[in-house]
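Nothing in this text is a laboratory measurement; each read-out follows from the coordinates by a stated rule. Nothing here was measured: the structure is a model prediction, and the numbers come from that model. Don't worry about glycine lacking a Cβ; one is built from the backbone with ideal geometry, like all the others, and counts go over all protein chains shown.
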Amino acid sequence: MVANDGRLNGNRGQPSERDGRPHPPHRWQPRHTRYVHLTGWGMCVPERVVTNAELEAVVETTDDWIRTRTGIQERRIANDRETVTQMGFEAARAALNRADVLPSEIDLIVVATSTPEDIYPSSASKIQNLLGATQAGAFDLSAACSGFVYALDMAAQAIRSGSINTALVIGSEVNSRVLDWNDRSTCVLFGDGAGAVLLEGSDQPGGFMGAVLGSDGSGAELLGIPTVGTASLPEGRQMHKIHMDGREVFRFAVHIITESIRQVLEKTDLSLADIDLIVPHQANQRILSAAARNLNVSEALFYSNVHRYGNTSAASIPIALCEAEREGRLKPNDNVIVVGFGGGLTWAAAALQWQSVQEKAPKGLAYRLSQGRRELQYITAFWRARALKTYRRLEAVLRGSPAKHANLRESAPAKGKEDSSREKR
Ligand code: UT7
């Protein structure tokens with residue numbers, strides 16, 4: 001990561017003398033306005049399709065109930081090898097191809113997820129390693145189904161500030177591993193998958209316009225996944241399993257999706273008439289219909305693919321962006337709102353101009369060459385990780401314990417001495 005060292009504005013923080021007159025301390029500012037463009041996008045979903053009819057054999061439910069109450073017809077379910085890291089990596093590769101950017105050019109990787117393999121190391125660090133993004137900082141972000149929009153805003157602000165130039169934002173989930181497959185009120189709703197976008201700084205206006213983020217922790221108990229730090233498990237909750245008060249979350253969702261769209265329009269000086277597409281978190285078709293009614297717009301303004309994937313939490317918006325673009329629903333310079341809501345409770349909405357910079361490379365020889373360089377970086381990343389692991393093992397054998405010369409007894413103050421010196425003070 002290239003961090004700004006504060007030299008941009010000269011003697012930052014010190015009163016400066018210009019024209020012989022004292023001036024107040026400089027505030028840090030980037031050299032000029034930076035714009036943030038979405039230059040790449042990609043997705044990855046498991047191959048295994050599970051239909052509503054198949055779920056009829058798992059819990060007491062019907063295809064008709066699921067379709068009419070949610071709009072969901074099928075979802076993707078991960079196999080043993082498909083994880084947040086593996087799917088996020090595939091989605092990231094697709095986004096880098098689209099943007100024609102090398103992994104070594106990435107400054108920051110943020111993964112929005114609630115279903116990582118580990119609390120730490122982060123999935124973002126593992127994806128950084130698989131990509132060979134050796135210059136990137138990496139962290140996971142936890143904001144449930146709003147996570148992708150939160151991550152988008154964090155990365156965009158880092159680019160705007162001039163701190164970084166290129167960021168990979170990923171939403172990836174394996175909800176199937178945190179579902180109670182005996183609970184019909186949740187297990188029919190969720191699915192697995194990943195989506196990624198690449199953000200790049202530019203002097204050219206357009207791209208990311210602004211975002212609103214929100215949280216109301218008083219609704220924390222309405223939707224969650226208890227995990228390792230839980231002190232005591234309330235009645236009816238299971239460790240590492242999703243629990244949800246569907247009706248309450250539904251009510252919250254309809255209100256907040258409408259409200260946060262209004263807020264982001266106001267913040268970015270846009271009106272609904274300026275918006276070409278709203279890409280919302282895909283939880284329930286009835287939520288989208290109700291939001292469209294509240295805003296007095298056609299339901300067609302809300303992109304939906306919930307029938308194909310169910311609720312993929314933080315992955316649903318980037319997956320929807322990829323499919324909307326593929327279906328021709330997103331065209332260069334279109335104004336788009338992305339809006340998420342979920343556990344926390346949290347919500348987030350961002351306004352952006354879709355693909356407002358030209359694609360960098362035509363898909364000709366130059367593109368194929370840089371594609372070759374990308375593949376080479378993935379192969380190098382694999383061998384680099386192996387070499388580093390071997391080096392660490394060898395170093396441990398050759399050097400022994402790093403603490404072998406330290407004698408804690410000698411370096412610690414004798415108890416009696418410490419007590420007497422305290423008394424004197
Ligand atoms: O991503 C985070 C955000 N999540 C959401 O936004 C989800 C928000 N909530 C929802 O989408 C809806 O509340 C649900 C889809 C979860 C439930 O729909 P609902 O219309 O609110 O149903 P309900 O919870 O009021 O339940 C109605 C009935 C109940 O039976 P009784 O008590 O009326 O006899 C449930 O037991 O439907 C029953 N039911 C089912 N029946 C068949 C609940 N799940 C099922 C099922 N199959 N899978």
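It is to be established whether one or more residues within the range 364-377 are outside any helix (DSSP H, G or I) and free of Cβ contacts under 8 Å to residues at least 12 places away in the same chain.
Of the residues in the range 364-377, the ones outside any helix (DSSP H, G or I) are 364.
When the remaining residues are screened for being free of Cβ contacts under 8 Å to residues at least 12 places away in the same chain, the result is 364.
Yes.
Got a number for residues in the range 264-290 being closer than 17 Å to LEU352 by Cα and buried (at least 16 other Cβ atoms within 10 Å of the Cβ)?
In the first step, residues of the range 264-290 are kept if they are closer than 17 Å to LEU352 by Cα; the result is 264-281.
Narrowing the set further to residues that are buried (at least 16 other Cβ atoms within 10 Å of the Cβ) leaves 264-265, 268, 270, 275, 277-281.
Residues that pass the stated criteria total 10.
Looking at the range 260-317, which of the residues that are touching a residue at least 40 places away in the same chain (Cβ under 8 Å) and hydroxyl-bearing (Ser, Thr, Tyr) is nearest to the ligand (Cβ to nearest atom)? Checked the range 260-317; the qualifying residue nearest to the ligand (Cβ to nearest atom) is SER313.
Has the range 380-397 got any residue that is farther than 29 Å from ASP269 by Cβ and assigned to a strand (DSSP E or B)? It would help to see each step written out before you state the result.
Step one: filter the range 380-397 for residues farther than 29 Å from ASP269 by Cβ, giving 380-397.
After this cut, where a residue has to be assigned to a strand (DSSP E or B) as well, the list is none.
Checked against the condition, which is being farther than 29 Å from ASP269 by Cβ and assigned to a strand (DSSP E or B), the range 380-397 yields no hits at all.
In the range 125-137 there is no residue that is more than 16 Å from the ligand (Cβ to nearest atom), closer than 15 Å to ALA167 by Cα, in a strand (DSSP E or B) and β-branched (Val, Ile, Thr). Only one entry in LEU233, LEU199, LEU152 is aliphatic (A, V, I, L, M) and more than 21 Å from the chain's Cα centre (by Cα), namely LEU233.
Within the range 38-62, work out how many residues are under 27 Å from GLY195 (Cα atoms), within 16 Å of the ligand (Cβ to nearest atom) and of a type outside the set (A, V, I, L, M, F, W, C). Of the residues in the range 38-62, 3 are under 27 Å from GLY195 (Cα atoms), within 16 Å of the ligand (Cβ to nearest atom) and of a type outside the set (A, V, I, L, M, F, W, C).
When you go through ILE164, ILE119 one by one, which is the residue that is among the hydrophobic types (A, V, I, L, M, F, W, C), more than 23 Å from ASN335 (Cα to Cα) and surrounded by fewer than 17 Cβ atoms within 10 Å (Cβ to Cβ)? First the steps, then the outcome.
Numbers: ILE164 fails: surrounded by fewer than 17 Cβ atoms within 10 Å (Cβ to Cβ).
None of the other options fit; the residue is ILE119.
Residue pairs whose Cβ atoms lie under 7 Å apart, sitting 6 or more positions apart in sequence or on different chains, and linking a residue in the range 186-209 that is at positive phi and in contact (Cβ under 8 Å) with a residue 12 or more places away in the chain to a partner that is within 16 Å of the ligand (Cβ to nearest atom) and assigned to a loop (DSSP other than H, G, I, E, B), are GLY193/THR312. Residues of the range 84-114 that are part of a loop (DSSP other than H, G, I, E, B) and under 12 Å from the mean Cα position of the chain (by Cα): THR113, SER114.
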